[in-house]
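K.L.:
I'd like to ask you about the structure that follows.
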Amino acid sequence: MDESRTEERYEPATIEPRWQAFWEKDDTFRTPPMPREGKKLYVLDMFPYPSGAGLHVGHPEGYTATDILCRAKRAQGFDVLHPMGWDAFGLPAEQHAIATGTHPATTTQKNIDNFRRQLKMLGFSYDWSREVDTTDPEYVRWTQWIFLQLFDKGLAYQDEIKVNWCAALGTVLANEEVIDGKSERGNHPVVRVPLRQWVLAITKYADRLLEGLDHVEWPSSTRTMQREWIGRSEGAEVVFGVKGQDATIEVFTTRPDTLFGATFMVLAPEHPLVAAITTDTQRAEIDRYVAASKNKSDLDRQSSKEKTGVFTGGFAINPVNGAEVPIWIADYVLMGYGTGAIMAVPAHDTRDFEFAKAFDIPIVQVVSTDGASSTLDEAMTEYGVAVSSGKYDGMKTADMKAAITADLEAEGKGKKRVEYKLRDWVFSRQRYWGEPFPIYFPVETEGDPATSDPRKGDAHVIRFDQPIAVEVSELPVRLPETDDFQPGDDPAGVLARLADWRFFQKDGKWFARETNTMPQWAGSCWYYLRFCDPHNGELAWSPEAAKAWLPVDLYMGGAEHAVLHLLYARFWHMVLYDQGLLPVPEPFTKLVHQGIILGDVEYTDPEGNRHPASAVTKTKDGKMVLEADPSVVIEAKAHKMSKARGNVVNPDDIVRDFGADALRCYEMFMGPLEASKPWSTDSIHGVKRFLDRCWRLAKDAKDTAPDDATLRTMHKTIAKVTADIDGLRFNTAISAMMVLSNDLQKAGAPKAGVEVLAQLLHPFAPHLGEEMWSLLGREASIQKVEWPVADPKLLVDDEVEVPVQINGKKRGVLVLSKDADQDTAVAAAKADERLAELLAAGTLRKTVWVPGKILNFIVG
RNA sequence: GCCGGGGUGGCGGAAUAGGCAGACGCAGGCGACUUAAAAUCGCUCGUGGUGACACGUGCGGGUUCGAGCCCCGCCCUCGGCACCA
């Protein structure tokens, strides 16, 4: 036991809790209620779902990145809003309740406490006084209030939507939980049953949501995904007559110019006209096909691309030429898009081409690249000029689209139309653990309302067609207490059978509460707004607070939320903006996705056995093989972390073994923030050694002035690290600090240099930063010290090394003054014995001189 | 199939207005200190060659004095979408 020696070492386990306690007591990271003019910065992490498993190493990646930025920006004089909270409604807690009987609120609270402990352990500079929890009734109050804003504006409505009902599990399943018509868990049959649901009219905002993407600094891949999800498509609606009937069929097409090539029509099996059009001889076969497609989910329908379909026996009349074309039904036409019916132009549409081939339907070419027609081996989908199209022959595709649409419109046989892939948002769930809807319905009882009681099962009718909003003053509508979370035989879920909560009397009349709950998206759609003013008891947020802090300047979170969460949040934001409740039209100015951290690389032989890295070697032709037996080829691959694979890394273990600062720095040093990267516990050692060296530099700092070279390195590092933090290039920032620490050590630890290192390092390794500052004899907290500024004069060296090439190959290096001209450089090169010799070997044809960069002689 | 991102030493990665490829770190090798080990420090470390040199950024072409970076054609890989008329 040598106590003096342990004192001489960097001990994160001692210093980290000490500084965390200091920050807490000092309230170092408290955000001012209002920022100073022009000094606000709102940096937001996507808040986590507090799962029972706790934090994994993926969480701290994005959190550390934003924490570094926030700490640096505070030191640069910004008022930074950097809050954290919990997206705490969700299915796992309810499933846990079903399995164990523990109330979801209890489980959730426990998990939140564990998450908070872990985040504090990592030293993040959140303003914990602004913490929000989406399950807190004070938060739910305002989630419900926002729903009422949507309801009042007619943006929330009810509809019958088919859900995946699994009777055996007694629950409604999400699409991804259904495989081949069976439940993923238990393999029980799943049927599609229509259920009354709340739907939000997000499609009314489709164009706004699309247009807004042009004004945000988001990854282009994410913007593209949102654009494709919205799926705006311009075309025309064309009306076809039905032979021998009064009925008409409307179709949507983006290629009205190919109307002359329509050789058949296809209706979706669910299309309302199918029964009327079908002839008696075809009816049996049609009924069979319709029944078969009825139980298929969209997913199943799309799993096979083989074209199937049945002829109805009916014929449609082409509005431009009166041609009679057969009407088919086929499930490659979706009822949910366009009109549920298409004009099929096999010559110019790949799917129609396949169908025509399968059922031997004529293919008529009406667009051609050169004006001639020929037999097509595949659909010709490119634009060209019209052929076999009557008076339109010779017109270019784009022109003909406009012309024929106008002509159809004039005759009342069609018009311009815009379609979207985006569907309205099904906003209700048949669950317990979610926000109740602030809605109730009148109940009609059979007898006298005073004596009949729907709670006891007396006959009654709930008038779902007459929804009534709960008074704002009565919010929140709380979840009823219960200990029964078991699935039941009613798809409507747990709340529907809690009759004492569901039914109530007012003014002598019976009413029934809405028993659906909101999806998990609801709470996460507006948490960034509540953070501006989290304790407001009168309003969801004050206009002043919103104006001061919005928009979010940087939003950090996983790419898995690229579409849904970010689209839903933007939608709510726009609705609230339209009501004058928000100061800006888009919520998140800049968005960054941190990459996924994969498990440590695994070396696997063809039999699936794993080998240690040291047993593997690379052959000359680049194959990985077993060193002991080169005939065994090894696959080296980093896999996604998963419990099943057993490669999950727990931050608690890493902090225990290396410290929070080492974990933070390692995750930033691994590679670019947005790239997915394999974890390597081995590599943390290097980062830990670096932090160790920094600690010793502070401990051993000498009161000597840094020499000129060290001074230049200090200032270059200040410039590099400052710029890299702004650009979120933390890996290169750390490598620059490693260079500085190595230089400072060689230079004998001059105090001024170590102070700069501590300041630059503290956003990355905040505990060590504070500790170094204190070892250097300075007062806490380093967070309150102004960020260092580089002296531009010290950023450029007076002398530079310029490589000299002969015919593009490096043959030497010249040391020249930084503004040497070509003549000086050439003279210096000729003065070099070796270079002169090489130059003399041929005729000089050309000299390339890039000042300060390169000198290249072309010799022939 | 379509749309994006990416292929650089044994490993993670650095370097793009086209200008010394491999910064920084891991692993490895040699050495110093130590009774020894750990820790620390120093040197070394793309491949071939004693060396001068030659070859090297997924593959094949091209542009250029000069290409990891730009252009054309492929291969692999990771994400997303997938009958949207």
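K.L.:
When Lys and Arg each count +1 and Asp and Glu each count -1, what net charge do the other residues less than 10 Å away from A:Met395, Cβ to Cβ, add up to?
P.N.:
0
K.L.:
Need one value: the accessible area of A:Tyr392 in square angstrom, 1.4 angstrom probe, rounded to the nearest 10.
P.N.:
In the full protein context, A:Tyr392 sits at about 20 Å².
K.L.:
Amide H to amide H under 5 Å from A:Leu81: which residues, 5+ apart in sequence or cross-chain, H placed 1.01 Å off N in plane?
P.N.:
Counting only residues 5 or more places away or on other chains, the set is A:Leu41, A:Tyr42, A:Val43.
K.L.:
Let me ask you something else. Kindly sort A:Met335, A:Met668, A:Met641 by accessible area of their heavy atoms, largest first, with the probe set to 1.4 Å.
P.N.:
A:Met335, A:Met641, A:Met668
K.L.:
While we're looking at this one, here's another question. Convex hull over the Cα atoms of region A:176-277, averaged projected area in nm²?
P.N.:
That works out to 11.9 nm².
K.L.:
Pop out the carbon and sulfur fraction of the accessible area of region A:172-263 as a percent, whole number, probe 1.4 Å.
P.N.:
The value for region A:172-263 is 48 percent carbon and sulfur by accessible area.
K.L.:
May I ask what percent, to the nearest 5, of DSSP beta bridges between residues of region A:260-364 are antiparallel?
P.N.:
Of all bridge pairs located within region A:260-364, approximately 75 percent are antiparallel.
K.L.:
Related question: Pairing the Cα long axis of helix A:59-75 with the longest principal axis of chain A, what angle in degrees results, from 0 to 90 and rounded to the nearest 10?
P.N.:
So the inclination is approximately 60 degrees.
K.L.:
May I ask you to order A:562-568, A:140-146, A:703-709 by the average number of other C-beta atoms within 10 Å around their residues, highest value first?
P.N.:
Averaged packing, sorted descending, gives the order A:140-146, A:562-568, A:703-709.
K.L.:
Positive end of the dipole of chain A, charges at C-beta (+1 Lys, Arg; -1 Asp, Glu), about the Cα centre: which of A:Asn647, A:Ala167, A:Val364 has its Cα farthest in that direction?
P.N.:
Of the candidates, A:Asn647 comes out farthest on the positive side.
K.L.:
Give me the accessible area of A:Arg423, 1.4 Å probe, in Å² rounded to the nearest 10.
P.N.:
About 110 Å², rounded to the nearest 10.
K.L.:
Summing +1 for each Lys or Arg and -1 for each Asp or Glu, what net charge is found among the other residues whose Cβ lies under 14 Å from the Cβ of A:Gly671?
P.N.:
Net charge around A:Gly671: -2.
K.L.:
Turning to a different aspect of this structure: For chain A, what does the alpha-carbon gyration tensor say about shape, rounded, prolate or oblate, given a ≥ b ≥ c as the root eigenvalues, a/c under 1.5 as rounded, and a/b over b/c as prolate?
P.N.:
oblate
K.L.:
For a Förster distance of 25 Å, can you work out the FRET efficiency between the beta-carbons of A:Asp424 and A:Ala276, rounded to the nearest 0.05?
P.N.:
Using R0 = 25 Å, I get an efficiency of 0.35.
K.L.:
Take the alpha carbon gyration tensor of region A:35-127, find the square roots of its eigenvalues, order them as a ≥ b ≥ c, and report rounded if a/c is under 1.5; if not, report prolate when a/b exceeds b/c, else oblate.
P.N.:
The shape class here is prolate.
K.L.:
Sticking with this structure for a sec: If each residue of separation counts as 0.36 nm, what is the full-extension length gain between A:Gln579 and A:Ser542 once their alpha-carbon separation is subtracted?
P.N.:
Result for the pair: 11.9 nm of gain on full extension.
K.L.:
Restricting the count to DSSP beta bridges whose residues both fall in chain A, what percent are antiparallel, rounded to a multiple of 5?
P.N.:
80 percent
K.L.:
Around A:Thr312, which amide H atoms from residues at least 5 apart in sequence, or from another chain, sit under 5 Å from its own amide H, with H modelled in the peptide plane?
P.N.:
So A:Thr312 has HN proximity to A:Ile327, A:Trp328, A:Ile329.
K.L.:
Show A:Val426, A:Val325 ordered by accessible area, largest first, where the area counts protein heavy atoms only and the probe is 1.4 Å.
P.N.:
Ranked from most to least accessible, the order is A:Val426, A:Val325.
K.L.:
Just list whichever of A:Lys720/A:Lys793; A:Lys120/A:Lys643; A:Lys716/A:Lys751; A:Lys716/A:Lys793; A:Lys809/A:Lys846; A:Lys357/A:Lys415 have alpha carbons separated by over 20 Å in the model shown.
P.N.:
Among A:Lys720/A:Lys793; A:Lys120/A:Lys643; A:Lys716/A:Lys751; A:Lys716/A:Lys793; A:Lys809/A:Lys846; A:Lys357/A:Lys415, the Cα-Cα distance tops 20 Å for A:Lys120/A:Lys643; A:Lys357/A:Lys415.
K.L.:
Could you give me the ³J(HN,Hα) list for region A:29-38, computed from phi with Karplus coefficients 6.51, -1.76, 1.60 and θ = phi - 60°, whole Hz, x at Gly and Pro?
P.N.:
After applying 6.51 cos²θ - 1.76 cosθ + 1.60, I find 9, 5, 7, x, x, 10, x, 6, 3, x Hz.
K.L.:
Could you put A:Arg417, A:Arg729 in order of accessible surface area, largest first, with the 1.4 Å probe and the full protein assembly present?
P.N.:
Highest to lowest solvent-accessible surface, that is A:Arg729, A:Arg417.
K.L.:
Here is a follow-up. I'd like the FRET efficiency for A:Thr704 and A:Asp657, computed as 1/(1 + (r/R0)^6) with the beta carbon distance as r and R0 of 41 Å, rounded to 0.05.
P.N.:
0.70
K.L.:
Please list, in order along region A:545-558, the HN-Hα scalar couplings obtained from phi with the Karplus expression 6.51 cos²θ - 1.76 cosθ + 1.60 (θ = phi - 60°), rounded to whole Hz, x for Gly and Pro.
P.N.:
In residue order, the calculated couplings are 5, 5, 5, 6, 9, 7, x, 5, 6, 9, 10, 10, x, x Hz.
K.L.:
To make sure I understand the rule: partners must be lysines, Cα under 25 Å from the Cα of A:Lys506, and not fewer than 8 residues away in the same chain. Which ones qualify?
P.N.:
By straight Cα distance, A:Lys506 reaches A:Lys456.
K.L.:
Still on this model: Relative to the first principal axis of the alpha-carbon coordinates of chain A, what is the inclination of helix A:822-831, with its axis defined by its Cα atoms, in degrees from 0 to 90 and to the nearest 10?
P.N.:
Compared with the principal axis, the helix lies near 50 degrees.
K.L.:
When the helix-only estimate is applied to chain A (DSSP H runs of n ≥ 4, each -39,500 (n - 2.57), divided by the residue count), what is the mean residue ellipticity at 222 nm, nearest 500 deg cm²/dmol?
P.N.:
Counting only the DSSP helices, I get -10500 deg cm²/dmol.
K.L.:
What translational D, rounded to a whole number of µm²/s, comes out for region A:600-736 from Stokes-Einstein when the hydrodynamic radius is the Kirkwood one over Cα pairs, at 4 °C and 1.567 mPa s?
P.N.:
D, rounded to a whole number, is 71 µm²/s.
K.L.:
Go through region A:318-330 residue by residue and turn each phi into a ³J(HN,Hα) via Karplus (6.51, -1.76, 1.60, θ = phi - 60°); whole Hz please, and just put x for glycine and proline.
P.N.:
In residue order, the calculated couplings are 5, x, 8, 9, x, 5, 8, 10, x, 9, 10, 10, 7 Hz.
K.L.:
To the nearest 10 degrees, how steep is helix A:766-775 against the longest Cα principal axis of chain A, on a 0 to 90 scale?
P.N.:
The helix A:766-775 is inclined about 20 degrees to chain A.
K.L.:
Determine how large the accessible area of A:Tyr577 is when every protein chain is in place; take a 1.4 Å probe and give Å² rounded to the nearest 10.
P.N.:
Surface open to solvent at A:Tyr577 totals about 80 Å².
K.L.:
Rank by packing, highest mean first: peptides A:72-78, A:655-661, with packing defined as the count of other Cβ atoms within 10 Å averaged across residues.
P.N.:
A:655-661, A:72-78
The values are calculated or read from the model by the stated rules, or taken from the named source; none is laboratory data. Because the structure is a prediction, the values reported are computed rather than measured. Using ideal geometry, Cβ is built from the backbone for each residue, glycine included, and neighbour counts are taken over all protein chains shown. Areas reflect the complete protein model, heavy atoms only, side chains present, ligands, DNA and RNA absent. Shrake-Rupley method; radii C 1.70, N 1.55, O 1.52, S 1.80 Å.
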